[in-house]
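S.K.: The structure under discussion is supplied below as structure tokens; questions concerning it will follow.
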Amino acid sequence: MFKGKRAVFPAGEQRKFLDGICQKETLARIALICKCSERTVRDWRREKFSMPLGATHALSTHFNVPISEKMCIRDAYAHIPRASRMGAAATIKKYGSIPRNEEHRKKQWRLWWESTGKLAKNPILESKIVYRPKHGAKLAEFIGIMMGDGGLTMYQAIVTLHHVDDLEYASFVKGLIKRLFKIEPKMYHSPKNSVNDIVVSRKKLVIYLHELGLPIGNKIDQRLDIPLWIRCNRTFAIACLRGLVDTDGCVFTHRYRVKGTWYAYKKLSFTSASKPLLESVHDLLQELGFHPRTTAKDVRLDRTEDIRRYFKIIGSHNPKHLRRYENTLG
């Protein structure tokens, strides 16, 4: 019904429509409903582009915000004939006619590229400068986040979080990246995989994080472990542990029945396929006075007092963990 259709508002009406919705919900949630990026929503809000008709109706229905009666509907590709005419006119004005010999054009381009093009400095192809913060607790926590739900490619640093359960935590991670590296990360929603990918595309950042101890590529095959500069500092180690558990950890309630009576206890688990990392987390918890128990796939805190001390000493920046801890508090 809405496929291939655009909602065209009078000047100022599209901004007014989205302003009413932004008063009720966050930009991230609006983007999630529209299945697009936050940047796209911002572009709609400043009326850079018209909105898809489906997204317009979805937002209007979800937030009970009326659509302007002056809005009209047009086909998504209605602008193409006019754009084609303008493009042809611009080409004729520049060259006198539309080039007919495509092979000649390609040959001339190759001559230009070999003699001039590839030798010229191109800011697009140059690596951008990245702020390199000194060793500290915030940087250590980010390293923990990357070891948990993150990864490095040759050109990107990526943190992958659940698109609903960790939506609030994603905002924290984005803010942490911006404070540490002076970069505004991008977030891409993948409904098919139920995740949000927080991405920074900077080769120099990848190099810096690799120098700090994060592997590039498959981190499990490379026997991921806590870097020594973190392990040797108690404050850094606590912050890194918080990042690890906030991403690859969980708080749950263990329930069982004895002679007809139900009992429930809070427990905390950190899971990883890296054996060296599991061993380091186990040893670190012991050094901090906890009583961890290690299985083949995770490290657990079973004692009620350990759970209380964990949230008092180490804490969490993931609202999901805090809610589960508070909801199971007995």
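Only the coordinates and a few stated rules stand behind these numbers; no lab work does. Being a predicted model, the structure only gives us computed values, none of them experimental. No Cβ is skipped: glycine too gets one built from the backbone with ideal geometry, and neighbour counts run over all protein chains shown.
S.K.: How far is the Cα center of the range 266-330 from the Cα center of the range 39-72, in Å?
M.R.: One Cα centre to the other: 44 Å.
S.K.: Can you compute the modelled spin-label distance between ARG74 and TRP113, with each label point 7 Å from Cα toward Cβ, in nm?
M.R.: With each label placed 7 Å out from Cα toward Cβ, I get 3.6 nm.
S.K.: On full extension of the chain, what length is gained from PHE172 through GLU305, given 0.36 nm per residue of separation minus the C-alpha to C-alpha distance?
M.R.: Full extension from PHE172 to GLU305 adds 45.1 nm.
S.K.: Could you work out how far apart the two model spin labels at VAL199 and GLN222 are, taking each label as a point 7 Å from the Cα in the direction of the beta carbon, and quote it in nm?
M.R.: About 2.0 nm, to one decimal.
S.K.: In nm, what is the difference between 0.36 nm times the number of residues separating ARG323 and VAL258 and their Cα-Cα distance?
M.R.: This chain segment gains 20.6 nm when fully extended.
S.K.: Could you state the principal axis extents of the C-alpha atoms in the range 245-327, from the largest down, to the nearest angstrom?
M.R.: Projected onto its principal axes, the Cα set of the range 245-327 covers 42, 27, 23 Å.
S.K.: How would you rank LYS24, LYS174, LYS70, going from fewest to most other Cβ atoms within 10 Å of each one's own Cβ?
M.R.: If I rank by nearby Cβ atoms, fewest first, I get LYS70, LYS24, LYS174.
S.K.: Also: Helix 102-115 against the longest principal axis of the chain: what's the angle in degrees, Cα atoms only, rounded to the nearest 10?
M.R.: Its long axis makes an angle of about 60 degrees.
S.K.: Classify the range 5-75 as rounded, prolate or oblate from the Cα gyration tensor: take a ≥ b ≥ c as the square roots of its eigenvalues, call it rounded if a/c is under 1.5, otherwise prolate when a/b beats b/c and oblate if not.
M.R.: Taking the square roots of the gyration eigenvalues as a ≥ b ≥ c, the range 5-75 is rounded.
S.K.: May I pose another question? Express in nm, to one decimal, how much length is gained between GLU126 and CYS232 on full extension, taking 0.36 nm for each residue of separation and deducting their alpha carbon distance.
M.R.: Between GLU126 and CYS232, full extension yields an extra 34.5 nm.
S.K.: May I ask you to sort ARG257, ARG29, ARG234 by Cβ crowding, counting other Cβ atoms within 10 Å and putting the fewest first?
M.R.: Starting with the residue having the fewest Cβ neighbours, the order is ARG257, ARG234, ARG29.
S.K.: Separate question: Order by neighbour count: ARG223, ARG293, fewest other Cβ atoms within 10 Å first, most last.
M.R.: Ranked by crowding around the Cβ, least crowded first: ARG223, ARG293.
S.K.: In degrees between 0 and 90, to the nearest 10, how far off the longest principal axis of the chain does helix 275-287 point, with axes built from Cα atoms?
M.R.: Tilt of helix 275-287: around 50 degrees.
S.K.: Using 7 Å Cα-to-Cβ label points, what is the LYS16/GLU279 separation (nm, one decimal)?
M.R.: 6.7
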